[in-house]
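Peer 1: Take a look at the following structure, please.
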Amino acid sequence: MRPHEVLPRVSTHKADLRAQSFLSLAAVAILCATTGAAFADDPPAKPKRPAIKSNRWQEDWSVLADPALATQPLDRLKYLPLSAADPGTYVSFGANVRERFESNSAPGFGIGGVERDSYLIQRVQFHIDLHLFEDWQVFTQFEDDRAFGKKDVGPADADQLDLRLAFLAYSHDFDAGTFKARIGRQDFAFDLQRFVSSRDGPNVRQSFDAVWADWETGPWRFIGFVSQPVQYRDDDPFDDTSNGDFRFSTVRIERQVLGTNELSAYYSLYQRENAHYLDGGGRENRHVFDTRFAGSSKGFDWDTEAMGQLGDIGDKDIRAWALGARAGYTFEDVGWTPRIGLQFDMASGDDHPGDNTVGTFNPLFPNGYYFSLAGYTGYANLIHLKPSITVKPTDKMTLTGAIGLQWRQTTADAIYVQPNQPLSGTAGHGGAWSGAYGQIRLDYAFTPNLTGAIEAVHFEAGDAIRRAGGHDGNYVGLQMAFAW
């Protein structure tokens with residue numbers, strides 16, 4: 001979402017103060033008139049060093065062609081010009097390291113057989129970013145993911161050194177708009193990443209082998225891509241492959257409305273061989289229809305999204321849906337700029353197991369930390385309500401506290417945990433109430449390159465989880481991340 005400017009409130013003055021203010025403004029106007037020529041001759045502001053981004057390929061280090069900006073150690077490796085005549089032709093190197101200690105007293109609420117687990121997950125990335133003739137880019141990123149001491153290591157936890165991103169990109173400004181295209185191994189994320197994400201929460205991010213095209217003109221943006229998700233293996237280095245049994249293709253339209261507020265819609269075709277659900281399995285052809293409206297105004301912010309899913313899996317039909325909304329109000333003129341927020345999520349479950357329709361919502365490529373890092377909540381068969389408060393004691397510190405309340409959309413289906421796993425013994429048993437959790441998170445930016453975070457979650461399990469043999473869960477995560 002694009003940042004929005006918040007205008008200060010205008011206070012009411014007495015008549016004499018208005019007169020004084022008018023005289024002061026008049027004096028300022030005269031002063032500006034006499035010195036306007038000098039201001040007009042001032043040189044334009046120099047470009048700033050680029051900020052580190054989550055998608056490192058979106059950074060532009062060509063500004064370091066100005067020696068005055070090359071002030072940091074190793075800046076010679078951030079900008080290596082390849083042409084004296086073209087500062088836009090250069091190569092840049094970069095790296096990321098993320099270390100996170102996690103302690104979970106009840107993964108899957110203890111139902112999966114794994115009790116308390118404490119471990120360290122590590123992600124190390126290195127990239128080479130080649131820019132040619134302003135319009136072309138070749139980006140390559142390598143990634144090594146390790147899980148030290150984890151009892152149950154899954155495909156999102158560990159992946160020995162492998163090629164995470166490798167694509168050729170083209171971007172050109174025409175009179176009518178801007179055209180962009182990418183081909184190769186890449187990642188993409190939509191909006192709040194409820195359903196299409198780069199999976200930054202877990203250790204191994206999600207990549208796609210894809211062809212992507214993008215046309216931007218005025219307030220409009222049109223996107224289309226075809227892709228195969230990468231299948232991750234942890235047996236040997238460089239053993240990840242493109243999943244030929246999995247296709248994900250999308251056409252998306254975006255438009256700015258009512259200023260810079262965002263309205264978007266997209267259609268996706270999600271195709272997978274040998275898919276498995278509690279009420280069906282086989283070849284999955286899922287047609288996805290999504291719409292979203294997000295924006296901000298006068299301290300309020302909102303993000304609403306609705307998704308419908310039709311299609312078939314094996315010999316059964318698919319009928320599923322989901323709704324998601326986040327809204328809040330920020331008190332800009334109050335110390336610590338508190339934001340009061342409310343989140344609501346609802347996703348369908350399968351009302352009638354054994355019939356000819358699978359009603360369980362498929363969250364596609366969900367964000368691992370959309371609810372919390374603890375992984376206790378999956379985006380299927382869900383009703384979720386979460387009030388929160390966020391404050392900023394300093395410019396570098398953000399503190400969030402929240403309480404989440406959860407129900408099942410239907411008791412005929414299971415309770416789901418991340419990423420989309422049904423809890424054994426919950427389908428058709430117990431009531432709708434799944435439980436409640438408290439969440440506290442602190443984020444701190446030590447420098448533009450070094451950040452830290454602490455998150456703690458306590459989940460009070462509901463009756464259905466307890467009847468299935470589960471119990472309350474406690475999670476603590478401590479993270480440090482460095483980017484160069």
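Peer 1: Can residue 118 be described as in contact with a Phe, Trp or Tyr (Cβ under 7 Å, 6 or more places away or on another chain), not in a helix (DSSP H, G or I) and not aromatic (Phe, Trp, Tyr)?
Peer 2: Answer is no for this residue.
Peer 1: Please go through segment 436-484 and pick out each residue that is outside any strand (DSSP E or B) and under 30 Å from residue 129 (Cβ atoms).
Peer 2: Answer for segment 436-484, where residues must be outside any strand (DSSP E or B) and under 30 Å from residue 129 (Cβ atoms): 446, 447, 448, 449, 484.
Per-residue answers, yes or no, for (1) closer than 30 Å to residue 53 by Cβ; (2) of a type in the set (Val, Ile, Thr); (3) in contact with a Gly (Cβ under 6 Å, 6 or more places away or on another chain); (4) exposed (fewer than 15 other Cβ atoms within 10 Å of the Cβ):
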| site | (1), (2), (3), (4) |
| --- | --- |
| 396 | yes, no, no, yes |
| 404 | yes, no, no, no |
| 436 | no, no, no, no |
| 448 | yes, no, no, yes |
| 459 | no, no, yes, no |
| 465 | no, yes, no, no |
| 477 | yes, no, no, no |
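Peer 1: Looking at segment 96-121, which of its residues are surrounded by 15 or more Cβ atoms within 10 Å (Cβ to Cβ), among the polar types (S, T, N, Q) and more than 22 Å from the chain's Cα centre (by Cα)?
Peer 2: Listed by number, the residues that qualify are 104, 105.
Peer 1: Suppose we keep only residues that are among the polar types (S, T, N, Q) and surrounded by 22 or more Cβ atoms within 10 Å (Cβ to Cβ) within segment 356-379. Which one would you say is nearest to residue 309 (Cα to Cα)?
Peer 2: That would be 362.
Here's the yes/no breakdown for (1) more than 18 Å from the chain's Cα centre (by Cα); (2) among the acidic types (Asp, Glu); (3) under 27 Å from residue 428 (Cα atoms); (4) modelled with pLDDT under 95:
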{"site": "259", "(1), (2), (3), (4)": "yes, no, no, yes"}
{"site": "264", "(1), (2), (3), (4)": "no, no, no, no"}
{"site": "282", "(1), (2), (3), (4)": "yes, no, yes, no"}
{"site": "297", "(1), (2), (3), (4)": "yes, no, no, no"}
{"site": "319", "(1), (2), (3), (4)": "yes, no, yes, no"}
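Peer 1: Could I ask something else about it? Which members of segment 106-118 meet the condition of being without any contact (Cβ under 8 Å) to a residue 40 or more places away in the chain and either within 23 Å of residue 95 (Cβ to Cβ) or out of contact with any Ser or Thr (no Cβ under 8 Å at 6 or more places or on another chain) (or both)?
Peer 2: Matches in segment 106-118: 113, 114.
Peer 1: Is there any pair with a first residue in segment 428-442 that is basic (Lys, Arg) and a second that is part of a loop (DSSP other than H, G, I, E, B) whose Cβ atoms are under 9 Å apart and which are 6 or more apart or on different chains, and what are they?
Peer 2: 441/372; 441/373
Peer 1: Is one or more of the residues making up segment 277-289 surrounded by 15 or more Cβ atoms within 10 Å (Cβ to Cβ), more than 15 Å from residue 194 (Cα to Cα) and among the aromatic types (Phe, Trp, Tyr)?
Peer 2: There is at least one residue in segment 277-289 that is surrounded by 15 or more Cβ atoms within 10 Å (Cβ to Cβ), more than 15 Å from residue 194 (Cα to Cα) and among the aromatic types (Phe, Trp, Tyr).
Peer 1: Under 7 Å between Cβ atoms, at least 6 apart or on separate chains: pull out the pairs that start in segment 213-238 with a residue that is within 23 Å of residue 169 (Cβ to Cβ) and end on any residue that is assigned to a loop (DSSP other than H, G, I, E, B) and of a type in the set (Asp, Glu).
Peer 2: Within 7 Å, the pairs are 230/240.
Peer 1: Can you name the residue in segment 241-261 that is touching a strand residue (DSSP E or B) at 6+ places or on another chain (Cβ under 6 Å) and farther than 24 Å from residue 226 by Cα and, of all such residues, is surrounded by the fewest Cβ atoms within 10 Å (Cβ to Cβ)?
Peer 2: Per the stated criteria, the residue is 257.
The values are calculated or read from the model by the stated rules, or taken from the named source; none is laboratory data. The shown structure was predicted, so the numbers you read here are calculated from the model rather than taken from an experiment. Here the Cβ is made from the backbone with ideal geometry for all residues, glycine too, and neighbour counts use every protein chain on show.
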